[in-house]
Structure formats: structure tokens, C-alpha cells
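The values are calculated or read from the model by the stated rules, or taken from the named source; none is laboratory data. Predicted, not measured: the structure shown is a model, and the values here were computed from it. Neighbour counts are summed over all protein chains in view; Cβ atoms, including those assigned to glycine, are modelled from backbone coordinates with ideal geometry. Just so you know, the surface numbers come from the protein's heavy atoms only, side chains and all, with ligands and any DNA or RNA stripped out. Shrake-Rupley method; radii C 1.70, N 1.55, O 1.52, S 1.80 Å.
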Amino acid sequence: MELFTIIVFSENQPGLLSQVSNIFTRRQINIESLTVSASSIEGIHKYTITVFSTKDMVDKVVKQIEKRVDVVKAYFYTDEEVIYQEIALYKVATNIIVDHVEVENLVRKYNARFLEINRDYAVLELTGHTEDTQLFFEELKQYGVMQFVRSGRIAITKSSKELLSNFLEKRAEKAD
């Protein structure tokens with residue numbers, strides 16, 4: 001089993017997320033993270049999905065996703081083929097930061113930043129890979145973490161041009 005990043009380009013239509021997630025459910029593949037946003041191409045949205053699976057199974061899932069009417073194209077990648085990040089937020093009591101210089105050292109060590117500080121709590125932000133944000137959480141936990149949340153992965157390919165652009169250009173040439 002390997003971690004794959006699946007990128008799905010689609011029209012922004014209600015119900016598509018349910019259709020895509022059903023494909024994973026039917027194959028009993030657990031989605032590790034999911035992020036949906038606008039892409040660099042106007043009118044096209046981008047789903048970034050991570051799953052642990054085999055290459056053969058991910059290939060089948062991607063082909064099945066592409067059969068959806070609202071899906072323009074889908075691709076899958078290994079970690080070596082994409083540049084990716086996640087964002088994590090941590091809420092800690094303000095007195096923890098004041099009373100323990102070690103917390104400030106952790107903030108500096110992980111290059112986290114303060115988003116908000118008030119009398120009751122402070123919110124820290126850390127951007128990085130899952131391992132980085134989880135390690136910071138584990139070290140911070142001993143001082144007390146009131147809340148913690150991590151986003152899904154966002155990723156872009158290492159290719160110089162969006163693969164979807166190539167696909168759309170070829171499709172337009174065929175139509176002419």
C-alpha cells in the first residue's frame with residue numbers, strides 16, 4: 001500500500017462530491033484527505049484526494065471517476081510527482097505560553113506562527129507535511145492543546161504546465 005494523490009478536475013456541480021466518494025466506498029478505499037477548490041482554469045474545480053492503495057486499484061478508481069459526466073479529467077500521482085502542503089491550527093491556553101518558555105521554543109523550532117492571542121487562548125498555525133504538523137501536535141500536547149485541526153492536502157504537479165490544459169487543447173483540436 002502506498003499513498004497516492006488523486007487530482008480530479010470537474011465542473012462545479014452539486015452532488016459530484018457524493019458521486020466521487022461513492023466510488024471509493026464501493027471499493028472499500030478510505031479517503032485520507034480531501035480538498036476542493038477552484039483551479040487555475042476558469043470554471044474548473046479541483047479535487048485533491050489522498051488514499052492508501054495499490055497503483056492498480058488507484059488506476060481503476062481514476063478511470064471510474066472519469067466516467068462521471070461532470071468530471072473533465074482525473075490523474076493520480078505519487079508523493080515524488082507533486083508538491084504538497086497541509087495547514088494545521090492549534091489552540092492553546094495563553095497562560096501555557098506565558099508560563100512555559102519551552103512552548104515558545106517549539107513555536108520557533110517548527111516555524112509556526114500566531115494567528116490570534118487573547119487573554120484566554122492563542123491560535124497557532126503551521127503549514128507543512130502531515131508528519132511535521134503531527135510532530136508539532138505531539139510535542140505541544142504535553143502542555144495542553146485545547147483544539148487541533150488539520151486540512152486536507154493541497155497539491156500541484158511538478159510539470160511546468162497543468163496536464164488538464166494539454167488535455168483540453170487536444171480535445172479542442174479534435175473538435176475542429
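Rounding to the nearest 10 and keeping the result within 0 to 90°, find how far the Cα-based axis of helix 55-66 lies from the longest principal axis of the chain.
The helix 55-66 is inclined about 70 degrees to the chain.
Normalising by the residue count of the chain, find the relative contact order in percent from Cα pairs under 8 Å and 6+ residues apart.
Values: 286 pairs, mean separation 43.7, N = 176.
Here the relative contact order equals 25 percent.
Return the whole-Å distance between the Cα centroid of the range 109-172 and the Cα centroid of the range 1-50.
When both Cα centres are located, 18 Å separates them.
Assigning unit charges at the beta carbon (Lys, Arg +1; Asp, Glu -1) and nothing else, what dipole magnitude in debye, to the nearest 20, does the range 73-160 show about its Cα centre?
Numbers: 10 positive and 14 negative charges, 57 e Å.
Roughly 280 debye for the range 73-160.
Note the angle between two axes, namely the Cα long axis of helix 16-26 and the longest principal axis of the Cα atoms of the chain, as a number of degrees from 0 to 90, rounded to the nearest 10.
It works out to around 90 degrees.
May I have the extent of the alpha carbons of the range 73-128 along their three principal axes, as whole Å values ordered from largest to smallest?
50, 21, 11
Give the angle, between 0 and 90 degrees and rounded to the nearest 10, that separates the Cα long axis of helix 130-141 from the longest principal axis of the Cα atoms of the chain.
20 degrees
Kindly count the pairs of lysines across the range 10-124 whose alpha carbons are less than 15 Å apart, treating pairs on different chains or eight or more residues apart as eligible. Don't skip to the end; give the middle numbers.
Working: LYS46/LYS73; LYS55/LYS63; LYS60/LYS73; LYS63/LYS73.
Summing the qualifying lysine pairs gives 4.
With every protein chain left in place, what is the accessible area of ARG171 in Å² (1.4 Å probe, nearest 10)?
Rounded to the nearest 10, the figure is 120 Å².
In the range 37-176, if the dipole is taken from +1 on Lys/Arg beta carbons and -1 on Asp/Glu beta carbons about the Cα centre, which of VAL72, HIS100, TYR121 is farthest to the positive end?
Checking the options against the dipole of the range 37-176, the answer is VAL72.
For the range 1-128, with only Lys/Arg (+1) and Asp/Glu (-1) charged at the beta-carbon, what is the dipole magnitude about the Cα centre, in debye rounded to 20?
Numbers: 14 positive and 18 negative charges, 88 e Å.
So the dipole magnitude of the range 1-128 works out to roughly 420 debye.
Give, in nm to one decimal, the length gained when the segment between LYS158 and VAL36 is fully stretched (0.36 nm per residue of separation minus the Cα-Cα distance). Show your work: numbers first, answer last.
Details: separation 122, 0.36 × 122 = 43.92 nm, distance 1.95 nm.
Net length gain for the segment: 42.0 nm.
So, for the range 22-176, what is the accessible surface per residue at a probe of 1.4 Å, expressed in square angstrom? Spell out each step's value before the answer.
Values: 9510 Å² over 155 residues.
Dividing the accessible area of the range 22-176 by its residue count gives 61 Å².
Give the dimensionless ratio obtained when the Cα radius of gyration of the range 31-133 is divided by 2.2 N^0.38 Å. Please report the intermediate quantities before stating the final value.
On the way: Rg = 19.3 Å, N = 103, 2.2 N^0.38 = 12.8 Å.
Relative to the 2.2 N^0.38 Å estimate, the range 31-133 comes out at 1.50.
Tell me which label goes with the value of Kirkwood radius over Cα pairs in Å computed from the coordinates here: (i) 15.7; (ii) 18.3; (iii) 24.6.
This structure yields the entry labelled (ii).
Of GLN134, TYR90, SER151, which is farthest along the charge dipole of the range 80-152 in the positive direction, counting Lys and Arg as +1 and Asp and Glu as -1 at C-beta?
Selected residue: TYR90.
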